[in-house]
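Okay, structure first, notes after.
The values are calculated or read from the model by the stated rules, or taken from the named source; none is laboratory data. Since this is a predicted model, take the numbers as computed values, not measurements. All Cβ positions, even for glycine, are placed from backbone atoms using ideal geometry, and neighbour counts span all protein chains on display.
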Amino acid sequence: MLERRMNTARSDAEHTLESSLGKITDWQGLTITYSRVNAGFTNFNFLVHVAEQDRTYFAKVVGPNT
């Protein structure tokens with residue numbers, strides 16, 4: 001899986017994810033990386049890692065027309 005840092009989005013789904021993650025005030029200023037999970041038919045799934053918390057979260061971006 002390709003891991004990306006914030007502000008490196010290349011697709012619409014990644015831009016949507018970064019926009020949403022940027023609104024989490026407790027995470028502002030922290031090192032956040034994410035990678036796409038190749039699963040799901042209509043939605044885009046990601047694993048989001050917050051380095052300073054040493055935690056990984058699951059995030060879903062709704063696909064078009066769903």
Every residue from the range 17-39 that is surrounded by 15 or more Cβ atoms within 10 Å (Cβ to Cβ), within 10 Å of the chain's Cα centre (by Cα) and in a helix (DSSP H, G or I): Leu17, Glu18, Leu21
Residues (exposed (fewer than 13 other Cβ atoms within 10 Å of the Cβ), of a type outside the set (D, E, K, R) and more than 14 Å from the chain's Cα centre (by Cα)) located in the range 45-61: none
Checking Asn65 against (1) at pLDDT 95 or above; (2) among the polar types (S, T, N, Q); (3) in a loop (DSSP other than H, G, I, E, B), the condition it does not meet: (1)
Where a residue in the range 1-22 is farther than 19 Å from Ala51 by Cβ and its partner, wherever it lies, is surrounded by 11 or more Cβ atoms within 10 Å (Cβ to Cβ), with Cβ under 6 Å and at least six apart: Ala13/Phe44; Ala13/Val61; His15/Ala9; Thr16/Val61
Selected residue (only one of Thr8, Thr42 is exposed (fewer than 10 other Cβ atoms within 10 Å of the Cβ) and among the β-branched types (Val, Ile, Thr)): Thr42
Enumeration of residues in the range 13-36 that are closer than 14 Å to Gly63 by Cα and either in contact with a strand residue (DSSP E or B) (Cβ under 9 Å, 6 or more places away or on another chain) or at pLDDT below 95 (or both): Ala13, Glu14, Thr16, Leu17, Arg36
Test set (1) of a type outside the set (Lys, Arg); (2) touching a helix residue (DSSP H, G or I) at 6+ places or on another chain (Cβ under 9 Å); (3) surrounded by 10 or more Cβ atoms within 10 Å (Cβ to Cβ) - Pro64 fails condition number: (3)
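Test Val37 against the stated conditions and say whether it is at negative phi and without any contact (Cβ under 8 Å) to a residue 24 or more places away in the chain. Let's see the steps before the verdict.
Numbers: at negative phi: yes; without any contact (Cβ under 8 Å) to a residue 24 or more places away in the chain: no.
In short, no.
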